[in-house]
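This report concerns only the one structure given below.
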Amino acid sequence: MNDKKFYQEINSEFKTLLNEKVLDAKSIVISSHTSPDDDSISSVLGVYYYLTEILKINKNKINMLYTGEKLSTWEYFKNFSEIRFVDDIYKHISQDDIIIFVDGSGWKRFSRSEEIANLKNYVICIDHHPTPENIFDFHLVATQYPACAEIIYRLFFEGETLDKEICEILLMGILGDTGNFRFIKPQQHASFSVAERLVKDGQITVESLQSKYQSMAINVYKALQEFMKNSTIEQVDGWPDFLVSYLSPEYVKENKLDDNVVSEASGFFAPYLKGIREVEWGFTVIPKFADGMCRISLRSIPNSVSVRDMMEKTGFGGGHDRAAGGKVKSGDPHEAIKIVTDWMKANKPVII
C-alpha cells in the first residue's frame, strides 16, 4: 500500500494517528509473537490498558489473542485472564477492523499460516527489534529501546497518572527484556528512570513482584533437570565454543508435558547458555507438536556471536544480538541441531 507510514522514533504524530484509528474502529485485536515472553505479554496488556482505561474504548470491541497453547505464567497481572490463546490467530481476525501487533515485525512471528499475509485488515505495529521482516500499514520500530514495554510506556503513559496495576505490567516487561537490567547499554541509561518511576508510583518491591510469576512448578523443574542432563559443550571451527541442550519428543510425551511447560523450562535453562566462564553462547532446541517443528532459543554474551544475525541469515527467526529464537523445520531435536551446526560450518559468525 502506498499510504503505509513507517516511523523509527516515538513521536506525537504516531500517537495521534493511532488514537484516531482505534477510536473509529468497530473491532480491535491486540496480539504478539508466538511463545510469548514477559515483554510480549507486558506490551499486549499495556496497549489493552491504554485503550480501555485511558481512551475508554468499550472492552467488548477489543480482543487479545495469541497463537498457541494457553499459558498460566502471568495470571497475576490485571486483564491477563482476558487473553485468548487460539490454534492460530489467522482463523480469528479476518473480520476485525484493526490489528495491533507488538514486540514483533513479521507475519510469521504471530501465525503459523502463510495465508495470514493476505489479510486485508488495517495493521498497526509497535516493535523494537531491528530488521523488520514486513512493513505494516502503520508501523513504529524504535530500536533504541531495550524493551517494547518501554516504548508502550513512553508512547502512552509518560504523562499519565499510573496505578499499581499498570506499573507492575510495564515493569515486568522491562525487567524481562533487559534481564533485570543486565543487558542495558550506555545509550539506554534512560530505561533506569522509567523503571524508577514505575517502582515509585506503583510502590513495587521488585523481588515480591517477580515472585508472582517466576516461581517454578515441579514438572518444570524436572524438565530443567533434563535440559541439564542433555547439555553438552560443542565446537565448530571458526565459532566460539557453545553450549547446546534439548528435550526429546519421547521425554515430552512420556511425561505429558505441554508446550507451556517445555517453553518455561527452556526459559529457566537460558541463563546457563552464557553463564559458563569458558563458553560465550549457546542454544536450546525443543519439539513443538502443533506444527511439527522445533523451536530454537539462543543467548550470547557481549563481544560474542550475534544470535540475531545468525537467526536472520538462517531464515529461522530473529530477535536481539544477545537473545534470539526461531523455528527449525524438523520435529527431531537431534536433526534440528545438525541443521544448525551444518549451517555454522558453512558460515562465519558476526561478533558483536
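The values are calculated or read from the model by the stated rules, or taken from the named source; none is laboratory data. Model, not experiment: these values are computed from the prediction. So basically every Cβ, Gly included, is an ideal-geometry build from the backbone, and we count neighbours across all protein chains shown. The accessibility values were calculated without ligands, DNA or RNA, using every heavy atom of the protein model including side chains. Shrake-Rupley method; radii C 1.70, N 1.55, O 1.52, S 1.80 Å.
Observations on the model:
- Selection from segment 146-191 of residues that are within 14 Å of VAL102 (Cβ to Cβ), out of contact with any strand residue (DSSP E or B) (no Cβ under 9 Å at 6 or more places or on another chain) and not hydrophobic (A, V, I, L, M, F, W, C): GLU150, TYR153, ARG154, GLY173, GLY176
- Of all the listed residues (ILE28, ILE57), the sole one being touching a strand residue (DSSP E or B) at 6+ places or on another chain (Cβ under 8 Å), open to solvent by less than 10 Å² (accessible area, probe 1.4 Å), of a type in the set (A, V, I, L, M, F, W, C) and in contact (Cβ under 8 Å) with a residue 12 or more places away in the chain is ILE28.
- Residue in segment 20-32 that is at pLDDT below 95, over 19 Å from ILE166 (Cα atoms) and in contact with a Leu (Cβ under 9 Å, 6 or more places away or on another chain) present: no
- Going through (1) open to solvent by 50 Å² or more (accessible area, probe 1.4 Å); (2) in a loop (DSSP other than H, G, I, E, B); (3) of a type outside the set (S, T, N, Q); (4) at negative phi one by one, GLU13 falls short only on (2).
- Candidates TYR213, TYR153, filtered to the one that is over 23 Å from ASP309 (Cβ atoms), in a helix (DSSP H, G or I) and of a type in the set (Ser, Thr, Tyr): TYR153
- No other residue among ILE83, ILE98, ILE116, ILE89 is under 30 Å from VAL328 (Cβ atoms), in contact with a Phe, Trp or Tyr (Cβ under 9 Å, 6 or more places away or on another chain) and touching a residue at least 60 places away in the same chain (Cβ under 8 Å) apart from ILE89.
- Which listed residue is in contact with an Asp or Glu (Cβ under 8 Å, 6 or more places away or on another chain) and among the aliphatic types (A, V, I, L, M), from ILE28, ILE93: ILE28
- The set of residues in segment 191-211 being closer than 16 Å to GLU165 by Cα and either among the polar types (S, T, N, Q) or at pLDDT below 95 (or both) consists of GLN203, THR205, SER208, GLN210, SER211.
- The residue pairs whose first member lies in segment 143-168 and is without any contact (Cβ under 8 Å) to a residue 12 or more places away in the chain and over 16 Å from PHE77 (Cβ atoms), whose second member is open to solvent by less than 10 Å² (accessible area, probe 1.4 Å) and in a helix (DSSP H, G or I), and whose beta carbons are closer than 9 Å, counting only pairs six or more residues apart or on different chains, are GLU158/VAL194.
- Any hit, segment 229-246, residues being among the charged types (D, E, K, R), open to solvent by less than 60 Å² (accessible area, probe 1.4 Å), assigned to a helix (DSSP H, G or I) and in contact with a Ser or Thr (Cβ under 9 Å, 6 or more places away or on another chain): no
- Single residue of segment 272-323 satisfying the filter (assigned to a loop (DSSP other than H, G, I, E, B) and of a type in the set (A, V, I, L, M, F, W, C)) that is most open to solvent (accessible area, probe 1.4 Å): PHE289
- So SER111, is it open to solvent by less than 10 Å² (accessible area, probe 1.4 Å), under 20 Å from the mean Cα position of the chain (by Cα) and polar (S, T, N, Q): yes
- Matching residues in segment 123-157 - criterion: being among the hydroxyl-bearing types (Ser, Thr, Tyr) and crowded, with 17+ Cβ neighbours inside 10 Å: TYR145, TYR153
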